Amino acid sequence: MGKFFSDFKEFAMRGNVVDMAVGVVIGGAFGKIVSSLVGDVIMPAVGVLTGGANFANLKWVIQQASVDAAGTEIPEVAIGYGAFIQSVLDFLIIAFCIFVAIRALMKLKKKEEVVAEEEAPAAPTTEQLLSEIRDILKERD
């Protein structure tokens with residue numbers, strides 16, 4: 001049993017697992033921001049562009065709501081395809097926002113790499129190294 005917990009501790013403390021956990025937490029927070037963007041900013045604009053259509057309310061009614069002979073209400077049976085369309089649109093918008101954010105981060109990372117390469121001193125050539133070795137040997141004599 002001690003080996004099990006030791007192995008688990010080793011697994012949980014690896015850098016990749018910790019990085020992944022941080023990514024999941026940040027991703028969850030980012031997901032809330034993007035969901036708010038979609039629900040509160042983009043979808044109202046889409047609603048205006050589509051004449052006020054609300055996809056979430058679209059449905060295909062298979063059986064209307066009714067009341068049986070005993071007075072019991074039988075609920076409507078419907079396929080809510082509008083909610084599915086809304087979910088697909090939400091997914092596409094969220095995926096696009098995440099793509100744009102990751103693309104921007106990658107561009108920033110490339111710029112940092114270019115700056116780091118420019119700041120790094122050039123590696124000495126073989127000729128320079130041999131000249132330095134020759135000079136050191138001359139000083140010893």
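Only one entry in Ile74, Ile93, Ile102 is more than 30 Å from Gly47 (Cα to Cα), of a type in the set (A, V, I, L, M, F, W, C) and not assigned by TED's automatic domain parsing to the domain that holds Val41, namely Ile74. Residue check: Phe55 meets all listed conditions (1) closer than 26 Å to Ala78 by Cβ; (2) surrounded by fewer than 10 Cβ atoms within 10 Å (Cβ to Cβ); (3) of a type in the set (Phe, Trp, Tyr) but one, namely (2).
The values are calculated or read from the model by the stated rules, or taken from the named source; none is laboratory data. Because the structure is predicted, anything quoted here is derived from the model rather than measured. Note that each Cβ is placed from the backbone with ideal geometry, even for glycine, and that neighbours are counted across all protein chains shown.
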